[in-house]
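Okay, so here's the structure we're looking at.
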Amino acid sequence: MKQIVKAPYALKGRINPPGDKSISHRAVILNGIAAGDSRVGNFAQSADCLATVACMRSLGVEIESSKGGLVVRGAGERGLKEADDVLCAENSGTTMRLMAGLLAAQPFLSVITGDWSLRSRPMARVIQPLRLMGAQIWGRSGDSRAPLVIKGGNLHGISYTLPVASAQLKSALLLAALFAEGDTVIKEPVASRDHTERMLKTMGAKIEVKGDTITLSPGHLKAVDIAVPGDISSAAFWLVAGVIHSRANIRLSNVGINPTRSGIIDVLNTMGADIVVTNERMVSGEPVADLRVQSGQLSGMEIGGELIPRVIDEIPLIALAASVAQGKTVIRDAKELRVKESDRISNTVKELLKLGAEVQELPDGMIIKGGSKLRGAACESHGDHRLAMMLGIAGLVAEGGTEIDNAEAVNISYPRFWQDLTRLSAAKS
Ligand code: S3P
């Protein structure tokens, strides 16, 4: 599907971003192995999270839809059963890696695959530490790519320092550790999103987080109802749209502002935006707030180091903001972007260049000159949901029409994205 976006006169309104993708995956997996029934409200009904639901159902967990959310009937610690077919994580790295950790601990055989993009992404990072825990797990291409074959069971705890700041890897090991003999100690080089740790705590797991070290003892989980907050990574598109469009005023309700995820607010405010955060509260163990953004003037900045995991999914969008900001922006330490749903460094640079931005590719980031006046062009999402949406936002400020090919990629995380864009664009003043 091709989507054409034109710059509207104004951009105004209120958005309820879809439920957080990371939290939705975890709510279904952890409640699926907990004792008892639970309700997951505002579950992200996007392709990625539905892939997790399908995998858990294939393993025998009953999951029903109910009033915009799900009811998960927990199978209990030893309640999963062998699936009678290959499991499919579709496009979802979170599904594949978290399921790998869970399956490594189950006393049966599993095979898990994904789409062409997921089958090209690195899996050795989960295979190696799970083997150290005693798992029998293999992958294609010298144990580095999916499909994965897992003959689980009989794990023991390990002490392990993550070689990359990856919440998917960390969560895979925590899931395996729940079933292992003895404690598992995980050290993170740089803090990554901590939704798994928070949810495990609310479900009664014996988990301790001290600085960069997490210790988890095996044990049962109790099912808990979870109200999933809106996804800050989806809200981020409107935050950038609001700042870079010259007549914008956008309110975003019920957005998760977990500090391991909220780097986009800090980056935009450092660049000169004025994002107002109100009504801060805790919901299901996660900080949540309402946000407001208005048109502003941005300046370039340097982005790297510990900030990167806090903005990892927002970097294509930051590159767009930097293209129209005054002055230079340098993004470094982000080579993980090359192994996301697509190579987000190369593809962001390629597509922004088509729109007239001045961007230069670095091995681990990019340099953006800034001050560009974007012009509409024929662009390509590369089948990557975040690039499709970033290009949609670029179209809101570019001169002339911007055409986005493979625009249906938004279904991976934000199926209503194009409707929300049309609605905000319809404002008359
Ligand atoms: C996610 C973690 C991040 C992020 C992805 C979702 C998660 O990946 O990019 O969109 O839910 O744990 P890594 O942990 O591999 O960096």
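The values are calculated or read from the model by the stated rules, or taken from the named source; none is laboratory data. A quick note: this is a predicted structure, and the numbers were derived from the prediction, not measured. Cβ: placed from backbone, ideal geometry, glycine included. Neighbour counts: every protein chain shown. Please note that ligands, DNA and RNA were not included when accessible areas were found on the heavy atoms of the full protein model with its side chains. Shrake-Rupley method; radii C 1.70, N 1.55, O 1.52, S 1.80 Å.
By the compact-protein rule of thumb, 2.2 N^0.38 Å, the alpha-carbon radius of gyration of the stretch 87-196 corresponds to a ratio of 0.96. Extending 7 Å from the Cα toward the beta-carbon at both Asp212 and Val190 defines two label points whose distance is 1.1 nm. Glu351 sits among other residues whose Cβ lies under 15 Å from its own Cβ, and their net charge, with Lys and Arg +1 and Asp and Glu -1, is -1. Projected label points at Leu362 and Trp138, each 7 Å from Cα along the beta carbon direction, are separated by 4.2 nanometres.
Using the Cβ-Cβ distance between Asn269 and Glu403 with R0 set to 41 Å, the FRET efficiency works out to roughly 0.80. On the basis of the beta-carbon distance and an R0 of 41 Å, Arg292 and Val86 show a calculated FRET efficiency of 0.35. Full extension of the chain segment joining Lys2 with Lys350 gains 123.5 nm, where the gain is 0.36 nm per residue of separation less the Cα-Cα distance.
As a calculated quantity, the FRET efficiency between Met282 and Arg375 at R0 = 35 Å, using C-beta atoms, amounts to about 0.20.
Cα centroids of the stretch 355-429 and the stretch 87-129: 30 Å apart. Relative to the longest principal axis of the Cα atoms of the chain, helix 315-324 runs at roughly 10 degrees. In the full protein context, the stretch 21-216 carries 36 Å² of accessible surface per residue, based on a 1.4 Å probe and ignoring ligands, DNA and RNA. Summing +1 for each Lys or Arg and -1 for each Asp or Glu among the other residues whose beta-carbon sits under 9 angstrom from that of Ile250 gives +4.
Helix 21-32 versus the longest principal axis of the chain: what angle, 0 to 90°, nearest 10, using Cα atoms? Here the helix axis deviates by roughly 20 degrees.
Using a probe of 1.4 angstrom, how much of the accessible area of the stretch 21-216 is carbon and sulfur, in percent?
Details: 3520 of 7000 Å².
Percent of accessible area from carbon and sulfur atoms in the stretch 21-216: 50.
Skip the ligands, DNA and RNA, and give the accessible area per residue of the stretch 368-429 with a 1.4 Å probe, whole Å². That works out to 35 Å² per residue. Net charge in the neighbourhood of Arg14 (other residues with Cβ under 15 Å of its Cβ; Lys, Arg +1, Asp, Glu -1) is +3. Taking only the Cα atoms of the chain, the ratio Rg/Rh comes out at 0.97, with Rh defined as the Kirkwood radius.
Placing Val209, Val61, Val224 in order of accessible area, with the largest value first and a 1.4 Å probe, yields Val209, Val224, Val61. Taking the chain as a Gaussian network, Cα atoms linked when under 10 Å apart, which of Glu208, Glu188, Glu197 shows the biggest mean-square fluctuation? Looking only at Glu208, Glu188, Glu197, the largest GNM fluctuation is found for Glu208. Does the stretch 21-216 classify as rounded, prolate or oblate by the C-alpha gyration tensor (a ≥ b ≥ c root eigenvalues; a/c under 1.5 gives rounded; else a/b over b/c gives prolate, otherwise oblate)? Here the stretch 21-216 falls in the rounded category.
Compared with the dominant principal axis of the Cα atoms in the chain, helix 167-177 is inclined by about 10°.
Of the cross-linked pairs Lys170/Lys335; Lys2/Lys340; Lys170/Lys350; Lys350/Lys373; Lys67/Lys170; Lys21/Lys350, those separated by over 20 Å at the C-alpha level are Lys2/Lys340; Lys170/Lys350; Lys67/Lys170; Lys21/Lys350.
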